[in-house]
Amino acid sequence: MTGTLAIWHEAIGELVPKRGNLAPGEIADGCPTLELHFNLWRDSALHADFVDIGIKVKTGAPFKRLFLFVPAQIQKTQLLDLSSVLKHGTSLNAVFNDLVEIISRAENYFDTRLGRTTTRIHTIDLDRHITLEPVEMDAGDIGTVISFNKELCEQFEGGHDHYIRFRIYLTKATRHLFSSEVIPNEWFLLPSFENTELTEFRLNERRTIPPSLIQWFEDGPVNISTVHYFLIRDLRHELMMQHRDFRKIRVLEASLWRHYLRGRHPEKKVDLEPYPGFTDGGFVIYHWKDSGKISEGKLSERVEDFNAFAKFRMYRPNLFMYAYMITLIGALGSAFYAVAAELYRWLLPEIFTKPGTSFPSALADTVTILAGLLLFFFLLWITLTQIKGALKDLSMTIGRIFRRFGSGAD
């Protein structure tokens, strides 16, 4: 990850003084208290490259606008409101990992109850409630500030918690926003190879926030009570290390998450089946959590920032490419031996006109090996470059098709 997510707010009028000099963990008086949920789904092969963000606004001071910075260029077509799919009981229970009851419904929200806690889940109208603002970053890249406007934030009032949840699809340009892969350079010469993936999630890490946003960020602090970060990975990806211990790990129940993964209610019979590629027992959910301190029933120390790093390893079979390379090397060797022999006969024909003269095999072998290796690696470089580009384009095209028909997002 080249940057950090960041979240802050804009106060109503002069209700809240500017607070740019808070001590680490110090509570910002008169500022909203938030609980944050992040689900990172990372599997390009199964068209499940997206991050889901849930923001719970606890009871507290009202505010004008809420901002979320994403260190990548985001378009509205990459966003999806998830409130409608949460109305489906299985999805609601899966997200909150508990039995949640829907107690009332309205046009733009519905109320839920978990134990004695009531939470109102709001619908986000992407055209009316959200604006996107591009921001230049230090590395010369473009980031995006997602702004939740006054019309939506005015609804976060009353004696209960409020909740919004949305999805950001990771496209070709943003696929490596949270992770990067390390593949051996000689992978095409190996019958199998080890693929390493580094996944890092950062929130409110001040040193990586663009300078143009620092003052804006510090003028509108929020009191983060809890951060829940969930990383969903294929079971074949072996967790090698992480910089902090996860809170828990559990197996993904594909039957519970099938509608949530599609991002919509079931519309056809096929929607009742598990999401393509996701089967029970095939994926695991890693859960990291960080909470502020509670004193006398109130938040006394907020979560200043959050960082979670994990390294995964997966062994990939490569027998087809390995066999292809061995066959190609043998074919090229034979071909260039024949070419070198004919070239030598053409350049020195007088040698072969003498009785008893045969082709000098040692010299021919040398020429064959040198010429073959040079041409082989040149052609191989060109071929692999073209294959890599073609596979990426094909993967993105198929991904867009699945997303368009699966969730209405491009």
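The values are calculated or read from the model by the stated rules, or taken from the named source; none is laboratory data. Worth saying up front: this structure is predicted, and the values here are computed from it rather than measured. Reconstructed Cβ throughout: ideal geometry from the backbone, glycine too, with neighbour counts over all protein chains shown. With ligands, DNA and RNA removed, areas are computed over all heavy atoms of the protein, side chains included. Shrake-Rupley method; radii C 1.70, N 1.55, O 1.52, S 1.80 Å.
Simple spin-label estimate for ASP125 and GLN215 gives 3.4 nm between the two label positions (7 Å along the Cα-to-Cβ direction from each Cα).
Quick one: accessible surface of THR279, probe radius 1.4 Å, all protein chains present, in square angstrom to the nearest 10. Per-residue accessible area (THR279): approximately 80 Å². Placing unit charges on the Cβ atoms only, positive for Lys and Arg and negative for Asp and Glu, gives the stretch 61-205 a dipole magnitude near 600 debye about its Cα centre. Using a probe radius of 1.4 angstrom, the carbon and sulfur fraction of the accessible surface of the stretch 24-87 is 49%.
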